[in-house]
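For reference, the structure is listed below as structure tokens.
The values are calculated or read from the model by the stated rules, or taken from the named source; none is laboratory data. The structure presented is a predicted model; accordingly, all values stated were derived computationally and were not measured. Glycine also receives a Cβ, built like all others from the backbone with ideal geometry; neighbour counts cover every protein chain displayed.
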Amino acid sequence: DTGVSQDPRHKITKRGQNVTFRCDPISEHNRLYWYRQTLGQGPEFLTYFQNEAQLEKSRLLSDRFSAERPKGSFSTLEIQRTEQGDSAMYLCASSSGLVYNEQFFGPGTRLTVL
Amino acid sequence: AQSVTQLDSQVPVFEEAPVELRCNYSSSVSVYLFWYVQYPNQGLQLLLKYLSGSTLVKGINGFEAEFNKSQTSFHLRKPSVHISDTAEYFCAVSLSGTYKYIFGTGTRLKVLA
């Protein structure tokens with residue numbers, strides 16, 4: 001068990017560019033979550049998957065954001081036409097199907113939009 | 001709407017002193033409660049969780065928390081802190097029947113020598 005991994009750890013991009021982040025969950029976990037954390041704030045829920053199905057999306061997830069989890073394994077989060085307000089830490093977490101839903105977090109991808 | 005409040009944004013405390021980090025939540029349904037710690041430029045690590053049963057929960061690194069349903073609180077405590085406890089601490093709730101977490105804004109614990 002290597003834990004949840006995320007790639008890249010840091011991404012600097014110019015406004016208007018597209019970026020894509022990857023998350024690899026703990027192998028036996030069927031639920032995967034994306035959160036966004038801005039400076040001085042707690043993580044905010046963006047979306048979650050159960051296997052390959054995206055079951056809930058936050059209103060924070062604008063049309064420029066899209067997430068996928070093909071085959072119920074790794075997940076990608078793409079941001080199109082980045083804006084400076086997208087600068088944040090993007091956290092991925094995974095959990096098993098147990099009732100109490102303990103989530104295990106990855107190290108995050110820090111995005112800076114210039 | 002459900003919410004989590006961490007009233008103290010920063011808590012300075014001297015090494016070997018006790019500390020309490022406060023967390024209050026608002027929910028009309030049953031909740032599961034969690035405390036996570038975040039070190040600089042890292043993800044979140046689970047300290048402890050309350051699911052049901054005993055209201056006093058013990059976690060890693062000597063931390064404990066007490067669930068108080070009437071006060072809707074889940075305060076985190078440690079009897080004697082170390083320099084290495086300096087970090088950001090987040091309280092989170094997961095509502096029964098849902099899967100996402102709702103986090104508080106965090107408390108920055110700074111342990112002074």
When the range B:40-59 is examined, which residues are found to be more than 9 Å from chain A (Cβ to nearest Cβ), at pLDDT 90 or above and under 30 Å from residue A:8 (Cα atoms)?
B:47, B:48
When the residues of the range A:66-90 are narrowed to those that are part of a strand (DSSP E or B) and in contact (Cβ under 8 Å) with a residue 60 or more places away in the chain, which ends up nearest to residue A:44 (Cα to Cα)?
A:90
Determine which single condition residue A:8 fails, assuming it passes every other condition in (1) within 24 Å of residue A:59 (Cα to Cα); (2) modelled with pLDDT of 95 or more.
(1)
Looking at (1) of a type outside the set (Gly, Ala, Ser); (2) surrounded by fewer than 18 Cβ atoms within 10 Å (Cβ to Cβ); (3) more than 9 Å from chain B (Cβ to nearest Cβ); (4) touching a Phe, Trp or Tyr at 6+ places or on another chain (Cβ under 8 Å), find the lone condition where residue A:56 falls short.
(3)
Restricting to the range A:2-43, give me the number of residues that are of a type outside the set (Val, Ile, Thr) and not in a strand (DSSP E or B).
18
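Of all the residues that make up the range B:1-22, how many are farther than 27 Å from residue A:25 by Cβ and part of a loop (DSSP other than H, G, I, E, B)? Working first, answer last.
Here is the first cut: in the range B:1-22, the residues farther than 27 Å from residue A:25 by Cβ are B:1, B:3, B:5-22.
Filter again for part of a loop (DSSP other than H, G, I, E, B), leaving B:1, B:6-9, B:15-18, B:22.
Residues that pass the stated criteria total 10.
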When you look at residue A:85, is it more than 14 Å from every other protein chain (Cβ to nearest Cβ) and farther than 29 Å from residue B:87 by Cβ, yes or no?
no
Tell me, please, whether a residue that is within 12 Å of another protein chain (Cβ to nearest Cβ) and either in a loop (DSSP other than H, G, I, E, B) or touching a strand residue (DSSP E or B) at 6+ places or on another chain (Cβ under 6 Å) (or both) can be found in the range B:60-78.
no
Within the range A:81-102, identify whether any single residue is within 22 Å of residue B:106 (Cα to Cα), at pLDDT 95 or above, touching a helix residue (DSSP H, G or I) at 6+ places or on another chain (Cβ under 7 Å) and not charged (D, E, K, R), and answer yes or no.
no
Could you list, in sequence order, all residues of the range B:5-18 that are within 15 Å of residue B:106 (Cβ to Cβ) and among the aliphatic types (A, V, I, L, M)?
B:7, B:11
Take the range A:72-94 and flag every residue that is closer than 20 Å to residue A:3 by Cα and out of contact with any Asp or Glu (no Cβ under 6 Å at 6 or more places or on another chain).
A:73, A:75, A:77, A:89, A:90, A:91, A:92, A:93, A:94
Only residues in the range B:85-107 that are facing another protein chain (nearest Cβ under 8 Å) and of a type in the set (D, E, K, R) count as the first member; pair them with residues that are crowded, with 22+ Cβ neighbours inside 10 Å and outside any strand (DSSP E or B), Cβ under 7 angstrom, at least 6 apart or cross-chain, and list the lot.
none
